[in-house]
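The values are calculated or read from the model by the stated rules, or taken from the named source; none is laboratory data. Keep in mind that what you see is a predicted model, and the values were worked out from it rather than measured. Here the Cβ positions follow ideal geometry from the backbone for every residue, glycine too, while neighbour counts run over all protein chains shown.
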Protein chains: 2
Amino acid sequence: MKIARFEVDGAIHCGVVEGDVINQIEGDIFGEFKTTGTTHALQAVKLLAPVTPTQMFGPGVNFEAHLKMAAAITGNAEMLPTPEPWLKAISSLSGPNDPIVIPYDSKVGIEYEGECLAIIGATTRRVDPDEAWNRILGYTCGNDVSERDWQVNDFSMWRAKGADTFAPIGPWIETDFNPREGGDMIVRIDGKEVERVPTADMYFDFGTIISFISQHITLNPGDIVWSGTSGHPETLQSGQVVDVEVVGIGVLSNPIVAEQQPG
Amino acid sequence: MKIARFEVDGAIHCGVVEGDVINQIEGDIFGEFKTTGTTHALQAVKLLAPVTPTQMFGPGVNFEAHLKMAAAITGNAEMLPTPEPWLKAISSLSGPNDPIVIPYDSKVGIEYEGECLAIIGATTRRVDPDEAWNRILGYTCGNDVSERDWQVNDFSMWRAKGADTFAPIGPWIETDFNPREGGDMIVRIDGKEVERVPTADMYFDFGTIISFISQHITLNPGDIVWSGTSGHPETLQSGQVVDVEVVGIGVLSNPIVAEQQPG
């Protein structure tokens, strides 16, 4: 089942995506809900970020194929023994087709990171990895947009990965996806594939990451855990369109625009 | 004016504190609101964290008197040229009189950090320091509880300063406080003063920190910016009560309890 959040006629709803229509739902997507029979053409609504989390966590380097590139940033040439979570700012959240903005005062521009995201479905605290899997409602796609100068030189990732528009997610939550079997995570720039890796290659899987975080932090329904990225991301240019597809979930597409310096 | 958030008879309200009563308000504390004339004895309600932020930011070392102790953690012997913001996890938030819990798997126990907190009153993006002051609704007290082993050895402060119960705040928002004139920030353990520093000693003042964050991240009404701590915090023991007072705002008091290891 694909659960989307969308805006139509100035109101925000959730709905189940069935082909090219959305069947509006009433109730709580983290509890009881049902479809209402009120449908909208998918192309007639504005899809939004499918959840409004209280917090988002990314892991440290989580794909061995990303290690070589990451080592230049982190100084670590080997995979780490724990997931090393970090917080991604809530203000950075946006949805499908929303622009990713290159800040005018970015030092080195921005890079994509195509990722798979687990959406927490129930309050989660001090669970083991097996139980952690049961607390996941479903999965969506995300772009962990990154400014590498800030990532290297700031003491935290507050703006390197948390600046406004640096967290587009969507297009919806797929509840039937299984990242252990692994749909490929694909990034395309203007339609050209630049990255492909199976979710099953995650070094720490979602159960392990969520269990680890939950030892000290309560995860709430709607909270998001990012997979980490693989490969060697490239710099994005204004005017490009970047797609993140997770095969079995859907495609998240966002245009790149350059912020204009005031004055 | 002191604006509190509280629970009474199973419902949550905001109200204006007048002596030892709370005058319940209706409306939006960030917009239009008025007192209703429905009053409660202060001692008959449970005070809650006065806001529910979307994000909380702390600065790097922000008092010169904290530099010597902090240098052992950060490796920096001098004050830094920018505020170096970092994100404090939302799940860590709690209110007056809520227990601060020492995790059973903490390596070195936990320390208090008594701080003054600015509450953002309006959406804030790319403002200068002068304008940033206008975006502050008021101030409250907070305890930036810290686990130093995690702070030194983890790659981010996700649990070192973000574990559950590590962010008690309150008792209310004081809208008439001026940290540039500086009420003392005082910490007491079981009534004994262990720290005192004026808010006016902040190296980066709130206007500067908020302006700096707002260059890349939108701050929302209710978001919180912590002052940073001074001095040389001490380890907290189960059974103690720790008070953070900012003179001119009020007193935040929380008991310390040790988490029991399951099994």
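When the range A:24-81 is filtered for residues that are among the hydroxyl-bearing types (Ser, Thr, Tyr) and either more than 14 Å from chain B (Cβ to nearest Cβ) or surrounded by 17 or more Cβ atoms within 10 Å (Cβ to Cβ) (or both), the ones remaining, listed by number, are A:Thr35, A:Thr36, A:Thr38, A:Thr39, A:Thr54. Based on what the data block shows, is B:Pro129 in contact with a helix residue (DSSP H, G or I) (Cβ under 6 Å, 6 or more places away or on another chain) and under 17 Å from B:Met56 (Cα atoms)? So B:Pro129 fails the test.
Scan the range B:81-102 for residues that are of a type in the set (Val, Ile, Thr) and within 19 Å of B:Ser238 (Cα to Cα) and jot them down.
B:Ile100, B:Val101, B:Ile102
A single entry from A:Ile210, A:Ile173, A:Ile249, A:Ile169 fulfils the requirement of being surrounded by 23 or more Cβ atoms within 10 Å (Cβ to Cβ) and closer than 30 Å to B:Gln261 by Cβ: A:Ile210. Take A:Ile249 and decide whether it is under 24 Å from A:Gln55 (Cβ atoms) and within 14 Å of chain B (Cβ to nearest Cβ). Spelling it out, it is not the case that A:Ile249 is under 24 Å from A:Gln55 (Cβ atoms) and within 14 Å of chain B (Cβ to nearest Cβ). With the structure loaded, tell me whether A:Ile169 is in a helix (DSSP H, G or I), assigned by TED's automatic domain parsing to the domain that holds A:Ile100 and not acidic (Asp, Glu) or whether it fails that test. For A:Ile169, the condition - in a helix (DSSP H, G or I), assigned by TED's automatic domain parsing to the domain that holds A:Ile100 and not acidic (Asp, Glu) - is not met.
Go over the candidates A:Ala70, A:Ala11, A:Ala65, A:Ala41 one by one and state the one that is farther than 28 Å from B:Leu87 by Cα and in the same structural domain as A:Thr124 (by TED's automatic domain parsing).
Values: A:Ala70 fails: farther than 28 Å from B:Leu87 by Cα; A:Ala11 fails: in the same structural domain as A:Thr124 (by TED's automatic domain parsing); A:Ala41 fails: in the same structural domain as A:Thr124 (by TED's automatic domain parsing).
Sole residue among the options that is farther than 28 Å from B:Leu87 by Cα and in the same structural domain as A:Thr124 (by TED's automatic domain parsing): A:Ala65.
Condition (residue is closer than 16 Å to A:Arg188 by Cα and more than 11 Å from chain B (Cβ to nearest Cβ)) applied to the range A:117-132: is it met by at least one residue? No, the range A:117-132 contains no residue that is closer than 16 Å to A:Arg188 by Cα and more than 11 Å from chain B (Cβ to nearest Cβ). When B:Lys107, B:Lys161 are checked against the criterion of being more than 22 Å from B:Gly19 (Cα to Cα), at pLDDT below 95 and within 14 Å of chain A (Cβ to nearest Cβ), a single residue qualifies: B:Lys107.
Looking at this structure, is A:Val127 of a type in the set (A, V, I, L, M, F, W, C), crowded, with 24+ Cβ neighbours inside 10 Å and either at pLDDT 95 or above or not assigned by TED's automatic domain parsing to the domain that holds A:Gly222 (or both)? Considered against the rule, which asks whether it is of a type in the set (A, V, I, L, M, F, W, C), crowded, with 24+ Cβ neighbours inside 10 Å and either at pLDDT 95 or above or not assigned by TED's automatic domain parsing to the domain that holds A:Gly222 (or both), A:Val127 comes out as no. Do we have any residue at all in the range A:206-228 that's in contact with a Lys or Arg (Cβ under 8 Å, 6 or more places away or on another chain), of a type in the set (Ser, Thr, Tyr) and in the same structural domain as A:Pro99 (by TED's automatic domain parsing)? Yes, the conditions are met somewhere in the range A:206-228.
Of a type in the set (Asp, Glu) and either modelled with pLDDT of 95 or more or closer than 22 Å to A:Thr140 by Cβ (or both): does that describe A:Glu78? No. Name the one entry in A:Lys68, A:Lys34 that is under 30 Å from A:Gly207 (Cβ atoms), without any contact (Cβ under 8 Å) to a residue 60 or more places away in the chain and of a type outside the set (A, V, I, L, M, F, W, C). One residue alone meets the criteria, A:Lys34. Is it true that B:Ser94 is surrounded by fewer than 24 Cβ atoms within 10 Å (Cβ to Cβ), within 11 Å of the chain's Cα centre (by Cα), in contact (Cβ under 8 Å) with a residue 24 or more places away in the chain and in the same structural domain as B:Gly222 (by TED's automatic domain parsing)? Judged against the criteria, B:Ser94 is a match. The single condition among (1) surrounded by 24 or more Cβ atoms within 10 Å (Cβ to Cβ); (2) away from every other protein chain (no Cβ under 11 Å) that B:Asp149 does not meet is (1).
Of all positions in the range B:168-182, none carries a residue that is within 14 Å of chain A (Cβ to nearest Cβ) and either more than 17 Å from the chain's Cα centre (by Cα) or within 24 Å of B:Met202 (Cβ to Cβ) (or both). When the range B:216-234 is limited to residues that are surrounded by fewer than 24 Cβ atoms within 10 Å (Cβ to Cβ) and either of a type in the set (Val, Ile, Thr) or more than 21 Å from B:Ala70 (Cβ to Cβ) (or both), the one that is nearest to the chain's Cα centre (by Cα) turns out to be B:Gly222.
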